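No value in this document is a laboratory result; all are computed from the given coordinates. Please read all numbers here as calculations on a predicted model, not as lab measurements. Cβ: placed from backbone, ideal geometry, glycine included. Neighbour counts: every protein chain shown.
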Amino acid sequence: VGRPNVGKSSIVNHILGEDRVMVSDIAGTTRDAIDVPVSVRDGEEDVPLTLIDTAGLRRKHHVDTVVEFFSVARAQKAIRRSDVVLMVVDASDPGTAQDRRIARMINDEGKPCILLVNKWDLVSHGMSKRDLGNLVRSQIPFMKHAPVHSVSALEGTNFDGVFDHLFTVRDQMQIMVPTSVLNQFLQDTLARTPPSSVGTKRFKVYYATMVRN
């Protein structure tokens, strides 16, 4: 997912090694969420995936046609039914207000995310990947948990690491914190930073458990 014309369809085509979805410099070429099955090798394992190429998410006051309205609705539905979201950011204009809105949408749905910074070739002469990653994190500070990876769909560079991040996130999604460990952490945190009191009453947390990841 991402803003219009950040290179989502180009990234899908490069991952597949063929022109499966339409690419154009005209923003809004992709109007529907397109499911593309693909198999990826992870060590000795073949992992079947479905890539969902979505329409660019515009700001609400720029959604001025019925087609665009339903394009945005389908992109939002794609986020809800996904396991991991690849959020594509433009390296030449990272962390815009609309980027933050899309990132907030991903967070609100409780989806793990990888921040994929495309068009690295436009800024590579004046900025390192680390500096670019730090810039993106500073612009979208509530996504610090998400890995940041820079690619160039135009040149086809640095794509190998995308699936490394994907499989790392997949492993993280399977971690469950034991109840005893979680409660010890909770008690240590409350001891260091007690909740504020109202009159003679203090907010108390008695018990916590991790019900899902």
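Could you check the spin-label model distance between Thr168 and Ser39? Points 7 Å from the Cα along Cα→Cβ, value in nm.
Here the answer is 2.7 nm between the modelled labels.
Need the C-alpha centroid separation for the range 149-213 versus the range 77-130, integer Å.
Distance between centres, Cα-based: 20 Å.
Could you state the angle between the C-alpha long axis of helix 179-192 and the longest principal axis of the C-alpha atoms of the chain, as a value from 0 to 90 degrees rounded to the nearest 10?
On a 0 to 90 degree scale, this one is about 70.
Compute, for the range 162-213, the length of the dipole vector about the Cα centre, with Cβ point charges of +1 (Lys, Arg) and -1 (Asp, Glu) only. Units Debye, rounded to 20.
Here the range 162-213 has a charge dipole of around 400 debye.
Specify which labelled value, from [x] 13.7; [y] 10.7; [z] 15.9, agrees with mean projected area of the Cα convex hull in nm² derived from the coordinates of the model shown.
[z]
Among 149-156, 166-173, 118-125, how do they line up by average Cβ neighbours within 10 Å per residue, starting with the highest? Before the final figure, lay out each step's value.
On the way: 149-156: 19.4, 166-173: 13.9, 118-125: 17.6.
The most tightly packed comes first, giving 149-156, 118-125, 166-173.
Between Asn134 and Arg104, what is the label-point separation in nm under the 7 Å Cα-to-beta-carbon projection?
2.7 nm
Compute the acute angle (0 to 90°) between the alpha-carbon long axis of helix 160-173 and the principal axis of greatest extent of the alpha-carbon atoms of the chain; round to the nearest 10°.
The angle comes out near 30 degrees.
What FRET efficiency comes out for Met176 versus Val205 if R0 is 22 angstrom and r is the Cβ-Cβ distance? Round to the nearest 0.05.
Calculated transfer efficiency: 0.65.
Between the helical axis of 66-80 and the dominant principal axis of the chain, each derived from Cα atoms, what acute angle in degrees is found, rounded to the nearest 10?
Orientation of helix 66-80: about 50 degrees from the principal axis.
Name the residue farthest towards the positive end of the dipole of the chain from the options Asn213, Ile140, Val198, assuming +1 on Cβ of Lys and Arg, -1 on Cβ of Asp and Glu, about the Cα centre.
Final value for the positive-end residue is Val198.
Positive end of the charge dipole of the chain (Lys, Arg +1 and Asp, Glu -1 on Cβ, about the Cα centre): tell me which of Leu182, Ser124, Met105 has its Cα farthest that way.
Leu182
Take every DSSP beta bridge whose two residues both sit in the chain, then give the antiparallel share in percent to the nearest 5.
In the chain, DSSP labels about 55 percent of beta bridges as antiparallel.
Add +1 for every Lys or Arg and -1 for every Asp or Glu among the other residues with Cβ under 15 Å from the Cβ of His125, and state the total.
With Lys, Arg at +1 and Asp, Glu at -1, the net is -1.
Under a point-charge model restricted to the Cβ atoms of Lys and Arg (+1) and Asp and Glu (-1), what is the dipole moment magnitude of the range 87-149 relative to its Cα centre, in debye to the nearest 20?
180 debye
Can you compute the charge dipole magnitude of the chain about its Cα centre, using +1 on each Lys and Arg Cβ and -1 on each Asp and Glu Cβ, nothing else charged? Give it in debye, rounded to the nearest 20.
In total the dipole reaches around 1440 debye.
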